[in-house]
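The values are calculated or read from the model by the stated rules, or taken from the named source; none is laboratory data. Values in this document were obtained by computation on a predicted structure and should not be read as measured data. Please note: Cβ atoms are built from the backbone with ideal geometry, for glycine as well, and neighbour counts cover all protein chains shown. What goes into the accessible areas is simple: the full protein's heavy atoms, side chains included, and nothing from ligands, DNA or RNA. Shrake-Rupley method; radii C 1.70, N 1.55, O 1.52, S 1.80 Å.
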Amino acid sequence: MPALVDPPSIDDDLSRREFVGIMIAAGLLGACGDADGPPGAAPSTTAGPSTRTVGTAFGPVEVPATPMRVAVLNVIALDAAITVGLSPVAVIGRLSPLQGDRTASVPLRATSLNVEALVQQRPDLILHGAFGGKLFAGEYDTLSRIAPVVAYDFENDLRWKDYFSYFADAVGRRERGEEALVRYQARAEELGRKVGSSRANLTVSVVRARPDAVQNYSTTGFAAAILGDAGISTPQAEGRLSLERVNEVDADHLYVFASEDDPAKAASAVEALRAQPVWGTLRAVQAGNVHEVPTYWFGFGVTEAMAVLDDLFDTLAGGRSR
C-alpha cells in the first residue's frame, strides 16, 4: 500500500502559534479561534441541514452535506473521488499512472504531506485511511483542526468495494457510487461469460515481482477480487514465495507487476524472475501469455477496476466491447 510521510507535529516543526496563524491566514479559523477547541473545520453547536454525520475509524464526525473542497490523503479514497466526479483540491500519495492522468489539474499533488501546503488549499473535508486506530500517516488531532477527517478502518484489499462505497457516501455522492459499481459488476460478468464460452477451466495468476521473491496476489489482492467477480479461476498458493517457486503460481495467463520507486529496480526485479530456471517450464511462458501490467492492477476503486477489466478483455477475450 502506498505510504505517506507523517506531517510535522505542532510541537516540533510547526509551533502551535504558527499553526493557528497559518489557519487564520487561510480563513479556516477566526482571529479568536481556540486551537484547543474541539476538532472540526468550524465550531458548530448543532448539526444543520448543511451537515451530516459520518461514522469513521475515530467515531462519528460532522461533515458538509455537499463538500466542495476535498483533500484526499490516501490513494484508496482517490479512486472513489475520481469516479463520482469530484475534483479534489489536494492529493497526497504515490499515484498510479491512471490516477496521475486523472488528477493532473489538482492544485496540490505531492507524495508526502506538508501541513502548511494543505491548509493553504482550504479543504472542507479530508479523506484518509487508518489501521488499528491510527492514521496511515499524519496525526488525527492535527488534521482534524484543518477540516473534518473521514477515515475508514482498513482490513484487506478484497474489501475494495466496501471502501469505494464508503467514500462515495462520505462526499455525498452515494447514488453515483452505486451506479458505478453496477456498471463494474455488469462488465465483470460480461468478461466471465466471454471467457467461459471461449475456453473452459481457464486459470489466471497475478504476481508482484520483488528482487528476492514473488508475491502472489491471485487470491488476496485487488485483482483477485475482480477475477472472482468474473468467475475466473486462480491458483491457490502461499502469499510470498521464493523466486525459484514461481511454478506454484503457474496458470494459463500470468500477469506480472513490479513496484519500485526506481524504474530500473522494477525492471531488475522482473528480470530476476525471468532468469529462474523454472521460468521456461511455465505454461503461461510457453504459450506466450505473460503480461507485464501497470500499477492500477494493485489499486482500489471502480475506475482502476474497469481499467483492469479492459486489460483482461484484451488478453483473454479477444478485445474490448462496450
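For residue 138, what residues show an amide H to amide H distance below 5 Å, using hydrogens built from the backbone and excluding near sequence neighbours?
Residues meeting the amide H criterion: 6.
When Lys and Arg each count +1 and Asp and Glu each count -1, what net charge do the other residues less than 11 Å away from residue 221, Cβ to Cβ, add up to?
Charge balance near residue 221 sits at 0.
If each residue of separation counts as 0.36 nm, what is the full-extension length gain between residue 134 and residue 201 once their alpha-carbon separation is subtracted?
That pair, residue 134 and residue 201, stretches by 19.8 nm at full extension.
Taking every pair of Cα atoms in region 83-225, average 1/r, invert it to obtain the Kirkwood radius, and report Rg/Rh to two decimals.
That ratio is 1.02, to two decimals.
Near residue 130, within a Cβ-to-Cβ distance under 13 Å, what is the net charge of the other residues, with Lys and Arg +1 and Asp and Glu -1? Write down the numbers at each step before the final one.
Working: positive: 134; negative: 139, 153, 155.
Charge balance in the 13 Å sphere: -2.
Counting heavy atoms of the protein chains only and a 1.4 Å probe, report the per residue accessible area for region 86-140 as a whole number of Å².
With the other protein chains kept in place, region 86-140 gives 44 Å² per residue.
Using the Karplus curve 6.51 cos²θ - 1.76 cosθ + 1.60 with θ = phi - 60°, what ³J(HN,Hα) values do you get for each residue of region 161-172, in whole Hz, with x for Gly and Pro?
5, 5, 5, 4, 4, 4, 6, 4, 5, 4, 9, x
Using amide H atoms built in the peptide plane, which far-off residues or other-chain residues are under 5 Å from residue 234 H to H?
Sorted by chain and number, the residues that satisfy this are 204.
Under unit Cβ charges (Lys, Arg +1; Asp, Glu -1), what dipole magnitude, rounded to 20 debye, does region 87-218 have relative to its Cα centre?
So the magnitude is around 500 debye.
At 0.890 mPa s and 25 °C, plugging the Kirkwood radius over alpha-carbon pairs of region 173-322 into Stokes-Einstein gives what diffusion coefficient in µm²/s? Numbers along the way, then the final one.
Values: Rh = 15.8 Å.
Estimated diffusion coefficient is 155 µm²/s.
Specify the inter-centroid distance of region 130-145 and region 282-322, based on alpha-carbon positions, in whole Å.
If we compute the Cα centre of each part, the gap is 35 Å.
If you average the alpha carbon positions of region 77-92 and of region 203-275, how far apart do those two centres end up, in angstrom?
If you average the Cα positions of each part, the centres end up 28 Å apart.
Over the Cα atoms of region 239-318, what is the Rg over Rh ratio if Rh follows Kirkwood?
Values: Rg = 13.5 Å, Rh = 13.8 Å.
In region 239-318, Rg relative to Rh is 0.98.
Summarise the accessible area of region 140-259 (1.4 Å probe, protein heavy atoms) by the percent that is carbon and sulfur.
Looking at region 140-259 in its full context, I get 42 percent from C and S.
Would you kindly derive the ³J(HN,Hα) couplings of region 72-89 from the backbone phi angles with the Karplus curve 6.51 cos²θ - 1.76 cosθ + 1.60 (θ = phi - 60°), listing them in order in whole Hz, with x for Gly and Pro?
Along region 72-89, the couplings run 10, 9, 8, 5, 5, 7, 5, 4, 4, 4, 5, 5, 8, x, 8, 10, x, 8 Hz.
Of the options 177, 205, 167, report the single residue whose Cα projects farthest towards the positive end of the charge dipole of region 146-209 (beta-carbon charges: Lys, Arg +1; Asp, Glu -1).
Checked the options; the winner is 205.
Quote the relative contact order of region 64-130 in percent (integer), defining contacts as alpha-carbon pairs under 8 Å separated by 6+ residues. List each step's numbers first, then the result.
Working: 103 pairs, mean separation 30.5, N = 67.
Here the relative contact order equals 46 percent.
Which residues in region 226-248 have a backbone N closer than 14 Å to a point placed 7 Å from the Cα of residue 286 along the Cα-to-Cβ line?
Under cut-off, by backbone N: 247.
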